[in-house]
Amino acid sequence: NGTFAGPLLKKLGLAKPTKTRERVVKRFEDLYYFKMLDDFVFLLADPRFASVDFAVVRDHVPELRNLTAEELRDALKRNKNDVAAAHYKTPNVKNVLSYLEDGNETWADELSDSTAESSSHPDVDIENIGELKSNEKKMDGVETANLLKELRLAFLDMVKASFESQVEKGELDSREDNGVLYVALIQSCDFAADRVVRGDELTGWEATAIPDIAWVDKVDLKARRVLHPKADEYKKGDRSTSAHFRQLRFDVYRALSFIAAHRRAQERFSKETLEGPEVGDEIVAIAKRVLLESDRQVTMAEDLIRSMDREDVCVLVSHLFCVILLNKVAREAEKLQVNGILHEKEARKYLDKVDKLLRRIEFCSERVHPGQHEKKEPVLAEDEKSPVSVMLIAMKAASTRHITATHVHEM
C-alpha cells in the first residue's frame, strides 16, 4: 500500500540517506555558503546598496551571522579575480567591517577603498550633456522627428528588457504584491511608448504609481491569515500590515527598480548610439536628448525616495538586498535539482527555508535590528552624506561613468 510505504521504509531505516548521499548534500551546503558569500560581495558593489546595513542583513540571512573577516577577505579576492577589470566595481564593505572583530586589517582597507576604483574616462553629467539648446535647429524636420521617435522607442525597449533582467536575476519579484509591482513597471514602458508614438517626449515614472496598494494586500493578508492562523507576521494591528507601511514598501521598491532599469538602459543606449567613428552629429544630439529625458524621469523617482523617512528607506533598501541574496540562493538550489545533483526533497528543504525567510522580510517593519550600531545625530536627507543621498549619488555615478569622453565632442 503506497500510503504506508513511506513510514514503513523510514521505520526500517531504508529511507535514511546513505553516507555517500550525506557527503553529496554536505558538499552542496558548503557550496551554498561559498556561493552566498560571492553573491553577497558582488551585491555590495551595486550602487543601490551603497548604504546597506549589515545588522539588518545578518538578522534576515542567518548564514551570515557568523561571518568572519577571513571569509570576507577571501570572497573579496575571488570577486576581484573573477570580474574583468573593465567591469570591476569596488564592493562597499565598510559597514560590514564595522561589525567584524578583526575588520580593520590593512587588506580590508585596500579592498574596500572606493578611491581605488578609477575610470579611463571623465564622468559626465547627463543633465548638462550636449548643450541641447544650441542644437535645437537640428531637431527640425520630419526625418529628424521620426529618428527621435525611434530612438525613444528603442530606449523604452531597453528599459523593459532591464526590468525583465531584474526578474531573471532575482532583483525584482514578479509575485510582489500579487504581481502588481511587476505589471506596473512593465506597463509603464507600454504607456510611455504610446505617448512617444503620439509625439510626446519620454515618460514612464508617473505610470508606475499605484496610489492605494493596500487594497491588494488587504485581500492577500486575509487569505494568508486563513492559511497560516498562527503566523506572527500576519497579525492585525502590526505596523508591517498597515496600509501606510505597505504603501511605503511598495513605493521604495518600485522607485529603486525604476531607477536601476533606467540607469542600465542609459549605459546600454549610450554605448550603442554614441560610440563608433561614424556616428553623425544629428544622431548624437538626438541620443543625448533621449538621455536627458530619461534622467528627468529618474529624478522624479529619486525625489520620491528623498521625501520619505530616511531610516525607513535605509531599512527597506537593506531588506531588498536580503531578498535578492536569498532569491539567488533559491535559484542555485533549483538549478542543482534540475541538473540531478540534489533530489527534489533535498532541494525543497532549502526552498522552504528561503520562502520562510522572505516572508519574514516582507512583514518586517523594525527600524532597529539586533546588534545594530547606535545611530549618530540625524542627517537631513538633502545632505550628501546621508545614507539615502549616498545611495542615489552612487547609482547616478555608476551610470555616468560609462559615458566616455568621445560622447562630449562638439557638434
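DSSP loop (so not H, G, I, E, B), at most 16 other Cβ within 10 Å: list which chymotrypsin sites (Phe, Trp or Tyr not before Pro) in the range 269-370 pass both filters.
Working: sites: 269, 321, 350, 363; in loops: 363.
Passing sites in the range 269-370 do not exist.
So which of 160/288; 80/328; 335/356; 19/80; 149/335 end up more than 31 Å apart by C-alpha?
Details: 160/288 20 Å; 80/328 20 Å; 335/356 20 Å; 19/80 37 Å; 149/335 41 Å.
Result: 19/80; 149/335 exceed 31 Å.
How high is the FRET efficiency between residue 70 and residue 373 when r is their beta carbon distance and R₀ equals 25 Å, given to the nearest 0.05? Let's see the in-between values first.
On the way: r = 22 Å, r/R0 = 0.88.
With a Förster radius of 25 Å, E is 0.70.
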Could you give the length gained by full extension between residue 102 and residue 86, i.e. 0.36 nm per residue of separation minus their alpha carbon distance, to one decimal place? 2.7 nm
Rounded to whole Hz, the Karplus (6.51, -1.76, 1.60) HN-Hα couplings of the range 332-340, x for glycine and proline: 5, 5, 5, 5, 5, 5, 4, 7, x
Report the gain in length on full extension from residue 200 to residue 186: 0.36 nm times residue separation, minus Cα-Cα distance, nm rounded to one decimal. 3.2 nm
Gain upon complete extension [residue 77, residue 29; 0.36 nm per residue less C-alpha separation]: 15.1 nm
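Read-outs throughout are calculated quantities, based only on the coordinates presented, and are distinct from any laboratory measurement. All values reported here derive from a predicted model rather than from experimental measurement. Glycine also receives a Cβ, built like all others from the backbone with ideal geometry; neighbour counts cover every protein chain displayed.
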